Amino acid sequence: MGVFDEIKTGVEQAIEYERGALKAKKTTLSISPIDCFSANEIKEIRNHTGLTQVLFAKYMGVSVKTVEAWEAGRNHPEGAACRLLAITKADPLFPQKSGIVTR
């Protein structure tokens, strides 16, 4: 099917949908809950990446003091930091694979 035919089909489907003769396709997504990490888990994740606290802080986009506080249990990561920790826990090579950390 050529580009013109694909566009024509799309326009025809849009007209049918507008007339109520065609139901729209619907995709339902769900978001998994954000994981929480203990001080020991954060240190373990960092150690599995082979990164120092300084490099891990740069990778996470936070200060070294923040990583120190996480690993000491004085503070806890939230939101996007927890998502990145979960990804990194699942794949300790993610920092390099993603290109965020280069050697």
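The values are calculated or read from the model by the stated rules, or taken from the named source; none is laboratory data. Bear in mind the structure is a predicted one, so any value in this text is a computation, not a measurement. Here the Cβ is made from the backbone with ideal geometry for all residues, glycine too, and neighbour counts use every protein chain on show.
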Across (1) under 19 Å from the mean Cα position of the chain (by Cα); (2) touching a residue at least 40 places away in the same chain (Cβ under 8 Å), Gln96 clears everything bar (2)
Count of residues meeting criterion [over 30 Å from Arg74 (Cα atoms) and either among the charged types (D, E, K, R) or at pLDDT below 90 (or both)] in the stretch 14-37: 13
In the stretch 1-37, how many residues are part of a loop (DSSP other than H, G, I, E, B) and β-branched (Val, Ile, Thr)? 4
Are any residues in the stretch 82-103 within 17 Å of Ser32 (Cβ to Cβ), buried (at least 17 other Cβ atoms within 10 Å of the Cβ) and of a type outside the set (A, V, I, L, M, F, W, C), and if so, which ones? Thr88, Lys89
Find the residue count for the stretch 60-81, including only residues that are in a helix (DSSP H, G or I), of a type outside the set (A, V, I, L, M) and surrounded by fewer than 16 Cβ atoms within 10 Å (Cβ to Cβ). 3
Residue by residue through the stretch 38-59, note down the ones that are in a loop (DSSP other than H, G, I, E, B) and either without any contact (Cβ under 8 Å) to a residue 12 or more places away in the chain or surrounded by fewer than 16 Cβ atoms within 10 Å (Cβ to Cβ) (or both). Ser38, Gly50, Thr52
